[in-house]
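Report on the following structure.
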Amino acid sequence: MKGLFVVFEGIDGAGTTTQARLLHEALVREGVPVHLTQEPSDGPVGTVIRQFLSGRLVVKGMSGPRAPGWPTMALLFAADRVDHLETEILPNLADGIAVLCDRYVFSSLVYQTETSGDFANLAWIENINKLAPRPDLTIVLDVSPTTAAKRRQGRREMEQIYDDLELQERLARRYRELPTRYPGERIEVVSGEPSPQDVHRTCLDLVRRMRGGR
């Protein structure tokens, strides 16, 4: 049987990395063959994306160095996703191994559409990602942008190009709209405001029910 494919989504600071790790640890304890991964991936394109996100890599602009425009970022994320699927995600799923991914297609649909400034661009972003198979379950962690900002500050990481508070508020709204916009997908919106362990119990219960119904 094909492995279960579960994705965590949400704005930066929502807890996707923490919850993916906690779920991975829980499934390992239960004896479930499971693989943990993330996007951007650790592959060659993903490495370039991470450098753009942190501001360590820039492109030339008329007014000086800048981050790439949204079409370039959308194409980079799509290219990284194809490579990630071919080298890591699909081989594990084919072997019956569950795959947990910290971000996937919906991150592109939300972030690149919102940063493009025109919702009409969603169709193009969907098109360049149309070969990416949908997850069995997407868990959207919903937190306020203020909570997410405090968490990012607590990590003491370098600010990234999408961390503007007003942008994060718009992104959070887009994430909440996903179940309505994609009614054929299994998308569960879970509050990420409680303690990590409380959120984890909710996520683990969702995955156990998915596994039990297969």
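The values are calculated or read from the model by the stated rules, or taken from the named source; none is laboratory data. What you see is a predicted model; the values in this text were computed from it and never measured. Reconstructed Cβ throughout: ideal geometry from the backbone, glycine too, with neighbour counts over all protein chains shown. Ligands, DNA and RNA are stripped out before the accessible areas are found, and what is left, the full protein with its side chains, is counted by its heavy atoms. Shrake-Rupley method; radii C 1.70, N 1.55, O 1.52, S 1.80 Å.
The residue among Pro65, Val6, Ala120 whose Cα reaches farthest toward the positive pole of the charge dipole of the chain, with charges on the beta-carbon of Lys, Arg, Asp and Glu, is Val6.
Eigenvalues of the alpha-carbon gyration tensor of region 49-93, scaled by 5 and square-rooted, set the equivalent ellipsoid semi-axes at 28, 10, 5 angstrom, largest first. Measuring between their Cα centroids, region 13-63 and region 111-159 lie 13 Å from each other. Helix 70-84 and the long axis of the chain differ in direction by around 30°, with both axes built from C-alpha atoms. What part of the accessible area of the chain, given as a whole %, is carbon or sulfur when the probe is 1.4 angstrom? Heavy-atom surface of the chain belonging to carbon and sulfur, 1.4 Å probe: 53 percent. Applying a DSSP loop filter and a limit of 12 other Cβ atoms within 10 Å to the trypsin sites (Lys or Arg not before Pro) in region 1-88 leaves Arg56, Lys60. Per-residue ellipticity at 222 nm, computed for the chain from helices alone with -39500 (n - 2.57) per DSSP H run of at least four residues, works out to -16000 deg cm²/dmol. Positive end of the dipole of region 14-95 (Cβ unit charges, origin at the Cα centre): among Ile49, Val82, Val28, the Cα lying farthest that way belongs to Ile49. Between the Cα long axis of helix 145-155 and the first principal axis of the chain there is an angle of about 90°, rounded to the nearest 10. Each residue was assigned an accessible area with a 1.4 Å probe, and for His24 the value is about 50 Å². Take region 132-209 with all the other protein chains still there, run a 1.4 Å probe, and you get 56 Å² of accessible area per residue. Below 8 Å between Cα atoms, with a sequence gap of 6+, how large is the relative contact order for the chain in percent? So the answer I get is 32 percent. A viscosity of 1.002 mPa s and a temperature of 20 °C, combined with the Kirkwood radius over Cα pairs in Stokes-Einstein, give a translational diffusion coefficient for region 1-98 of 141 µm²/s. Taken over region 119-206, the percentage of Cα pairs per 10 Å bin, counting from 0 up to the bin with the maximum distance, is 13, 38, 37, 12. Counting Lys and Arg as +1 and Asp and Glu as -1 over every other residue whose Cβ lies under 12 Å from the Cβ of Phe52, the net charge comes to +2.
Placing +1 on each Lys and Arg Cβ and -1 on each Asp and Glu Cβ, with no other charges, gives the chain a dipole about its Cα centre of roughly 140 debye. Semi-axes of the equivalent ellipsoid for the chain, computed as √(5λ) from the eigenvalues of its C-alpha gyration tensor and ordered from largest down, come to 27, 20, 17 Å.
For the full complex of protein chains and a 1.4 angstrom probe, list Ser63, Ser108, Ser195, Ser116 by accessible area with the highest value first.
Working: Ser63 125, Ser108 0, Ser195 55, Ser116 25 Å².
The most accessible residue leads, giving Ser63, Ser195, Ser116, Ser108.
Can you sort Thr147, Thr17, Thr138, Thr180 by solvent-accessible area, 1.4 Å probe, largest first? Each step should come with its number before you reach the end.
On the way: Thr147 35, Thr17 90, Thr138 0, Thr180 115 Å².
Final ranking, largest accessible area leading: Thr180, Thr17, Thr147, Thr138.
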